[in-house]
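Presented below is the structure to which this report refers.
Every number here is computed from the coordinates shown, using simple stated rules; none is lab data. None of the values given here were measured: they were computed from a predicted structure. So basically every Cβ, Gly included, is an ideal-geometry build from the backbone, and we count neighbours across all protein chains shown.
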Amino acid sequence: MIQVTTFACGGIAIGTFLSHAIADAPAAATFISSWAALTRKCGEEAPCPNFDASFVFPQSVAYPREATFLGMLKPFVKKGIWQSRRIVFDASAI
């Protein structure tokens, strides 16, 4: 939905509403940027959409690619024999 409001002073405000079920934030931003470029008619081409996640959410240097969950646990886990036990209680015991 698009709402255009004109003011007595000659000003204008354009508001948009877009359901996330139709488009996400990068798609909405690309649509609005393309719309603005076309209405300016300044000779610029409308921007091509870039939906690469690394472009929208750049990798933080604080968390390198090698910092996986298992990689972070490795210093705390010793190699050896593993055991697992299962303890089952009857409902009446609880």
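Please give the contour-minus-distance gain from F17 to V61: 0.36 nm per residue of separation, less the Cα-Cα distance, rounded to one decimal in nm.
Stretched fully, the F17-V61 segment lengthens by 12.4 nm.
Evaluate the distance, in nm, between pseudo-label points positioned 7 Å from the Cα of C9 and of V77 along their respective Cα→Cβ axes.
Inter-label distance under the simple model: 6.3 nm.
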